[in-house]
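Single-structure report; data block below.
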């Protein structure tokens, strides 16, 4: 049965997170990439489609853009809502879009529909209001219904006409378009800002947003902003009948319109145009992140209408990654929250996909060695999926080339030994709770729902206690109340807390001092020890004391025939990498001492009898891996599989029983074919569960 509470919480979390990022994007201070934002929106839309009764008040279905709660500008009501666009991410989706249009219009899918394709400018949406040909008002998109009055700032943009030429509507109307910062002007502007110790912007879009929200229009006037017009909103019917004719009308009024547009009903022709633009977009003096495809016929647009927050007759076709050359200045090592040592390339600044790139991932030591990447080389950098930049390969090498990069043998954060698993490229720090880079993430895992599940001790509060120095290890959690009594600033007196909330947290911690052995083992966050492996270990060792004693003994062993090593390897589901991970964890005295101290103060329930396979269903010996998009959330599918006795794995091996394949699967399909692993469609997987349930 689906956990309605967790689904409601997930939808609320996604809605609130997207809302927060909309606000940040609107004021020109985005914290995540467009691709990461799109992924959040896609996940939310899938959940809302499946569970419409849980739609949150802050859902994007109920709004567009950002609210104006903290605005210093007066509000302007739009003549017609300024909506967002839905996205597609490849030419193969164009036909799907056209099919949807035809289905809605109740005509054969083969019916030709002319689409008007224009460049998707990465700037700031602006609505200009004209009356009797004069510009009288300019506003941002805002929340889609209401924008901010930025008239004085917009009047400083040189290519926006203050008085229209040619024939124009007699009534008040709007011209909509995109304000942007040309790339050449942006680079010069940032250089000047550096010299004057002013604000340096991450990309032209942020600079445009910041410029138009200046309280002093003379500041905006000093910045070389430009404007592309693409839409006309009139209260009555217009003399033009198509989107392309509208663009011609805008040009006749004196506006600069978006270049390189195309009108076609051919998917092949649109695809060819898209690929040509994608290949040559770096030569443009403005940033674009795709094509906007609009139904050209305005009568059809009216018939198609709108969904909650987007027109049904338009779609944004996004671009893939862009690449550019630059110099590799140095290589640093960063330690992730999971303990993975990742080499980071420090680069000479380069403008890529609208952002100034100074750092890029080098992935791992094997990748550096394979590509022979060295400091001083000229390298090609790609912003893959518009998310994390990465170094693709060496373009040219200097005459006096530097020595090959040597990966450290110790963690740069805590100086613990590093470990590379034979089957993986990643090199990990073995420091665990000793390593500052890992401590906070391990604490969050320790209190998470599937571990200790301490009510009120979420990520935000872990960060709070960490920053104050109250909690550095899991042991500190259980002494929090005792230490708080001696504090000069007790929890109840801290911002956001009171006597009731503080006492509730202390009570929740006390309640969780009793825990099952398998959850305790899982909570420690040892590499490769997931929920299922923790259950296997708990079933084998029965008690916390016995498990700890055996693990301490394991650290002194050197061969597979030694007692504890051989006992572990004989357990179904335990392999060499799990054994090595346990050994590495307990070899560090800080980890062994922590587990010892936790066992002393906690009531860890012993396992009275092994987990019976008879109670696990007929899928007890089967392992499953999922790939692609399913009709339900991935977590729900995995939970269903586990409830029927199956095990979930995160990577393919010859021991994997089934690969369950959804829409748009990844590279795992090809690997499964090589390994001879059976594939199941989602329907076949559901039938397998149904058959097991009936037997």
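The values are calculated or read from the model by the stated rules, or taken from the named source; none is laboratory data. Just so it is clear, the model here is predicted, and its values are computed rather than measured. Please note: Cβ atoms are built from the backbone with ideal geometry, for glycine as well, and neighbour counts cover all protein chains shown.
Things to note:
- Residue within segment 64-75 that is in a strand (DSSP E or B) and either at pLDDT 70 or above or within 13 Å of residue 13 (Cα to Cα) (or both) present: yes
- All conditions but one from (1) within 26 Å of residue 471 (Cα to Cα); (2) touching a residue at least 40 places away in the same chain (Cβ under 8 Å); (3) part of a loop (DSSP other than H, G, I, E, B) apply to residue 440; the one that does not is (3).
- Residue list for segment 158-187, restricted to those being outside any helix (DSSP H, G or I), more than 17 Å from residue 251 (Cβ to Cβ) and either touching a helix residue (DSSP H, G or I) at 6+ places or on another chain (Cβ under 9 Å) or outside the structural domain of residue 131 (by TED's automatic domain parsing) (or both): 179, 180, 181, 182
- Taken over segment 527-541, the criterion of being at pLDDT 90 or above and either over 27 Å from residue 651 (Cα atoms) or part of a loop (DSSP other than H, G, I, E, B) (or both) is satisfied by no residue.
- Some residue of segment 346-355 being in contact with a strand residue (DSSP E or B) (Cβ under 8 Å, 6 or more places away or on another chain), modelled with pLDDT under 90 and part of a loop (DSSP other than H, G, I, E, B): yes
- Residue in segment 251-265 that is modelled with the lowest pLDDT, counting only those that are out of contact with any helix residue (DSSP H, G or I) (no Cβ under 8 Å at 6 or more places or on another chain) and either closer than 16 Å to residue 138 by Cβ or in a loop (DSSP other than H, G, I, E, B) (or both): 254
- Residue check for residue 467: over 27 Å from the mean Cα position of the chain (by Cα), assigned to a helix (DSSP H, G or I) and more than 30 Å from residue 568 (Cβ to Cβ): no
- Filtering segment 291-307 to residues that are out of contact with any strand residue (DSSP E or B) (no Cβ under 7 Å at 6 or more places or on another chain), assigned to a helix (DSSP H, G or I) and in contact (Cβ under 8 Å) with a residue 40 or more places away in the chain leaves 299, 300, 303.
Let's see how each residue does on (1) at pLDDT 75 or above; (2) under 29 Å from residue 93 (Cβ atoms):
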| site | (1), (2) |
| --- | --- |
| 629 | yes, yes |
| 636 | no, yes |
| 641 | yes, no |
| 649 | yes, no |
| 653 | yes, no |
| 669 | yes, yes |
| 673 | yes, yes |
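- The listed residue being assigned to a loop (DSSP other than H, G, I, E, B) and either at pLDDT below 80 or surrounded by fewer than 14 Cβ atoms within 10 Å (Cβ to Cβ) (or both), out of 677, 611: 611
- Here residue 428 does not qualify as outside the structural domain of residue 522 (by TED's automatic domain parsing) and free of Cβ contacts under 8 Å to residues at least 12 places away in the same chain.
- Just one of the listed residues (490, 495) is without any contact (Cβ under 8 Å) to a residue 12 or more places away in the chain, more than 19 Å from residue 597 (Cβ to Cβ) and over 24 Å from the mean Cα position of the chain (by Cα), and it is 495.
- Test: residue in segment 491-510 that is out of contact with any strand residue (DSSP E or B) (no Cβ under 9 Å at 6 or more places or on another chain), surrounded by 13 or more Cβ atoms within 10 Å (Cβ to Cβ) and over 20 Å from residue 465 (Cα atoms): no
- Leading residue by the ranking (surrounded by the fewest Cβ atoms within 10 Å (Cβ to Cβ)) among those in segment 470-487 that are out of contact with any helix residue (DSSP H, G or I) (no Cβ under 9 Å at 6 or more places or on another chain) and outside any loop (DSSP other than H, G, I, E, B): 485
A quick yes/no check of all residues on (1) within 21 Å of residue 443 (Cβ to Cβ); (2) in a helix (DSSP H, G or I); (3) in contact with a helix residue (DSSP H, G or I) (Cβ under 6 Å, 6 or more places away or on another chain):
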position: 507; (1), (2), (3): yes, yes, no
position: 520; (1), (2), (3): yes, yes, no
position: 550; (1), (2), (3): no, yes, yes
position: 557; (1), (2), (3): no, no, yes
position: 564; (1), (2), (3): no, yes, yes
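- Qualifying positions in segment 376-397 - more than 30 Å from the chain's Cα centre (by Cα) and either at pLDDT 90 or above or under 24 Å from residue 183 (Cα atoms) (or both): 376, 377
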